[in-house]
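What follows draws every value from the coordinates through simple rules; no lab data is involved. Quick caveat, the model's predicted, so the values are computed rather than measured. Note: ideal-geometry Cβ built from the backbone for every residue, glycine included; neighbour counts use all protein chains shown.
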Amino acid sequence: MLIFAGLMIWKKRYHSLISSIAALSASTLTAYAGKWYYQLPRPVGLAWYEEFSYSFPSGHATVAMAFYGFLFYLLLMYLTSPRVKYFIFCLSIIFILGMGFPESIYACIT
């Protein structure tokens, strides 16, 4: 995120920086709301350190999905070739679902 923020400041694309901060903030709030709603306990004995919040949805996975989704969105905004846009769009869907889907499966089976 620091590299992205530095690049956006250097390129003077402040609207992209503000939008990314808003997206990451909203995804963090959504993750905490999901934890409060589902209240799934963390697995016992698997962590290296004790965590006191609930396990699902994962905060780092939620924020990562929002961040990479926003990066793919910016990339699609600045590309001109329809074929490349389509390829990047399909790649982004696979990439983002690949981050969130395994966590959802794990939460359902535990």
Give, as a single signed number, the net charge of other residues whose beta carbon lies under 15 Å from the beta carbon of Val44, with Lys and Arg counted +1 and Asp and Glu -1. -1
Largest first and to the nearest Å, give the Cα extent of the chain along each principal axis. 49, 29, 25
Neighbour-count ranking [beta-carbon atoms within 10 angstrom, fewest first] of Lys12, Lys85, Lys35: Lys12, Lys85, Lys35
Go through Met77, Ser58, Leu29 and say which Cα lies farthest out towards the positive end of the charge dipole of the chain; charges sit on Cβ, +1 for Lys and Arg, -1 for Asp and Glu. Met77
So what is the relative contact order for the chain, in percent, with contacts set as C-alpha pairs under 8 Å and at least six apart? 24 percent
With -39,500 (n - 2.57) per DSSP H segment of 4 or more residues and division by the full residue count of the chain, the 222 nm estimate, nearest 500 deg cm²/dmol, is -26000 deg cm²/dmol
About the Cα centre of the chain, how large is the charge dipole given +1 on each Lys and Arg Cβ and -1 on each Asp and Glu Cβ? Please answer in debye to the nearest 20. 560 debye
Here the gain from full extension of Ile93 to Phe52, 0.36 nm per residue of separation minus their alpha-carbon distance, amounts to 11.6 nm
In the chain, which helices (entire DSSP H runs) extend 24 Å or more along their own long axis, judged by Cα positions, while averaging at least -0.5 on the Kyte-Doolittle scale? 14-38, 59-78, 82-109
Anyone know which of Gly59, Gly98, Gly34 comes out most mobile in the 10 Å Cα GNM of the chain? Gly98
For the pair Tyr37 and Lys11, what calculated FRET efficiency results from E = 1/(1 + (r/R0)^6), where r is the Cβ-Cβ distance and R0 = 30 Å, to the nearest 0.05? 0.20
Förster-model FRET efficiency, 22 Å R0, Tyr78 and Ser25, C-beta, rounded to 0.05: 0.40
